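These notes are about the structure you will find just below.
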Amino acid sequence: MKNYFLLFVSVIGSVFSVAGQATQTKGIVADKILAVVGDKVVLKSDIDNSIIDMQRQGVEVPENARCQVLEQAMGIKALVLQAEKDSLPVTDEDVETIIDNRIRSFIAQFGSKDELEKIAGKTIYQLKEDFKEPIRDQELAKAMRSKVVENVRITPNEVNAYFSKIPTDSLPYYESELEISQIVAYPKAHRDAEEYCVQQLKEYKEQIETGRKTFESVASLYTQDPGSKETGGYYEVNRYSKELDPIWLGKAFTLKEGQVSNPFKTRFGYHLMQLVSRNGDDAAVRHILLIPQVTSVEIRAELERLDSVRAKLIAGTMDFGEAVNKYSNDDEHKFTGGQLLGRDGSGYLTIDQLDKDMVLMLKNLKVGQYSQPTEFTDERGRKGVRIVYLKTRSEPHRENLKDDYNRIGQRALEEKKNQVLEQWFMKKVITYHIMVDDEFKSCPEMKKWLPENTASKN
């Protein structure tokens with residue numbers, strides 16, 4: 001029973017995969033209790049959906065994933081059980097607020113309420129009902145974990161001791177790293193430009209369906225998607241891919257083979273899609289992307305607007321996070337306060353992870369400064385305007401306490417919290433009624449949960 005911080009994050013995170021889980025849940029005919037912790041049960045569907053969610057997110061699923069996920073789910077149930085015993089304050093209103101916010105986020109992500117319901121295969125009301133228990137458990141488990149580790153602190157001596165245990169040859173080497181945040185505004189194209197894209201796609205659809213042209217030839221000529229232009233708009237996709245726009249991905253699994261969709265909109269522009277083939281959760285499609293073109297008038301207006309935002313930032317009358325929430329329409333980074341994240345999910349970026357325009361913007365920018373609003377074109381061909389904030393810049397170095405104390409200290413603190421949490425579990429497990437399905441009793445992860453093992457600790 002180890003690393004319950006990671007356990008907590010991974011299990012709780014799965015409750016937010018509404019489209020993947022909801023769609024899969026429809027196919028479950030019968031369920032089965034795999035484990036009991038106190039009066040809390042873990043169902044086979046819980047484990048199945050967690051595995052599905054891992055696959056959807058592109059996480060490598062180990063051979064013993066079901067054992068690990070079951071242990072993790074039992075850990076969450078134990079936290080919830082104790083939270084209920086301690087009467088931790090999680091109200092129905094709290095749960096409803098979280099669900100409402102999450103549903104609004106999904107509607108924004110999928111484009112509309114109807115699209116969300118279509119992809120999920122459930123009404124908004126049904127989705128809310130489905131989420132009540134997992135969201136409540138999430139909040140109770142979160143509150144219980146916080147209570148267990150709330151008094152855990154780390155001293156400089158402990159940070160030093162933690163760091164001294166790391167072999168020198170295992171210390172990471174950091175290239176010059178930067179912490180960067182940005183405010184991105186994509187000017188909205190005029191309605192005429194959007195209508196033009198729709199009409200063009202309708203014409204392409206008519207040409208394809210009448211046999212005058214093939215989808216491949218039209219895509220090769222007209223698509224504005226640089227990733228598929230040379231292949232005639234061709235993509236091979238998996239239903240659980242996390243890299244693709246959910247509306248776009250959902251469309252691939254609603255079409256029949258050979259069928260051409262009507263024009264539809266995503267945050268990238270307007271699309272036409274044809275299903276080439278489908279085999280289970282895998283599909284091959286072709287698509288055409290048209291991006292409504294913004295004019296110099298719209299760009300200039302956005303530059304002026306962000307220039308006034310920059311003036312407020314410099315004057316200190318608005319902080320960066322507030323500006324991001326109010327003015328940025330970059331969905332990818334909006335929930336990180338505009339901060340760009342590296343390949344490892346951290347906020348430390350190397351130069352090679354930045355686009356060329358960003359590198360030029362940073363060339364003369366000093367730490368703590370805000371760039372001038374600057375026009376740019378993203379990897380999808382969309383024109384936008386952005387302000388860049390350079391928070392920190394480091395020189396290349398081997399990890400050390402002087403330059404990386406905060407990063408090392410955070411790791412040391414989390415290790416200490418995990419130790420405290422594990423000790424808490426060891427004391428609590430022996431007080432719970434535990435049942436594990438015979439299929440999982442041989443899992444190494446179950447040893448500390450099984451009554452015959454916990455009894456020896458009394």
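Can you tell me which of (1) modelled with pLDDT of 95 or more; (2) within 23 Å of Ile119 (Cβ to Cβ) is the one Asp307 doesn't meet?
Here Asp307 clears every test but (2).
If you go through segment 311-327 one residue at a time, do you hit one that is under 26 Å from the mean Cα position of the chain (by Cα) and either within 24 Å of Asp192 (Cβ to Cβ) or of a type in the set (S, T, N, Q) (or both)? Give the derivation first.
Here is the first cut: in segment 311-327, the ones under 26 Å from the mean Cα position of the chain (by Cα) are 319-327.
This time we only want the ones that are either within 24 Å of Asp192 (Cβ to Cβ) or of a type in the set (S, T, N, Q) (or both), so: 325.
Scanning segment 311-327 turns up at least one residue that is under 26 Å from the mean Cα position of the chain (by Cα) and either within 24 Å of Asp192 (Cβ to Cβ) or of a type in the set (S, T, N, Q) (or both).
Go through segment 82-166 and tell me which helices (runs of 4 or more DSSP H), entirely inside it, have 2 or more residues that are exposed (fewer than 13 other Cβ atoms within 10 Å of the Cβ).
Numbers: elements: 92-110, 113-120, 124-149, 156-164.
Here the list reads 92-110, 124-149, 156-164.
Just one of Gly258, Gly347 is in a loop (DSSP other than H, G, I, E, B), at positive phi and out of contact with any Gly (no Cβ under 8 Å at 6 or more places or on another chain); which is it? Walk me through how you get there before you give the answer.
Numbers: Gly347 fails: at positive phi.
Step by step, each of Gly258, Gly347 is checked, and only Gly258 is in a loop (DSSP other than H, G, I, E, B), at positive phi and out of contact with any Gly (no Cβ under 8 Å at 6 or more places or on another chain).
Can you tell me which residues in segment 312-344 are buried (at least 16 other Cβ atoms within 10 Å of the Cβ) and part of a loop (DSSP other than H, G, I, E, B)?
Hits for segment 312-344 are Met318, Ser328, Asp330, Gly337, Gly338, Leu340.
Among the listed residues Val285, Val297, which satisfies the condition of being outside any strand (DSSP E or B), without any contact (Cβ under 8 Å) to a residue 60 or more places away in the chain and not aromatic (Phe, Trp, Tyr)?
Values: Val285 fails: outside any strand (DSSP E or B).
Of Val285, Val297, the one residue that is outside any strand (DSSP E or B), without any contact (Cβ under 8 Å) to a residue 60 or more places away in the chain and not aromatic (Phe, Trp, Tyr) is Val297.
Take segment 17-53 and flag every residue that is of a type in the set (A, V, I, L, M, F, W, C) and at pLDDT 80 or above. Before the answer, list the steps.
Step one: filter segment 17-53 for residues of a type in the set (A, V, I, L, M, F, W, C), giving 18-19, 22, 28-30, 33-37, 41-43, 47, 51-52.
Within segment 17-53, Ile33, Leu34, Ala35, Val36, Val37, Val41, Val42, Leu43, Ile47, Ile51, Ile52 meet the criteria.
The values are calculated or read from the model by the stated rules, or taken from the named source; none is laboratory data. Owing to the predicted nature of the structure, the values given are computational and were not obtained by experimental measurement. So basically every Cβ, Gly included, is an ideal-geometry build from the backbone, and we count neighbours across all protein chains shown.
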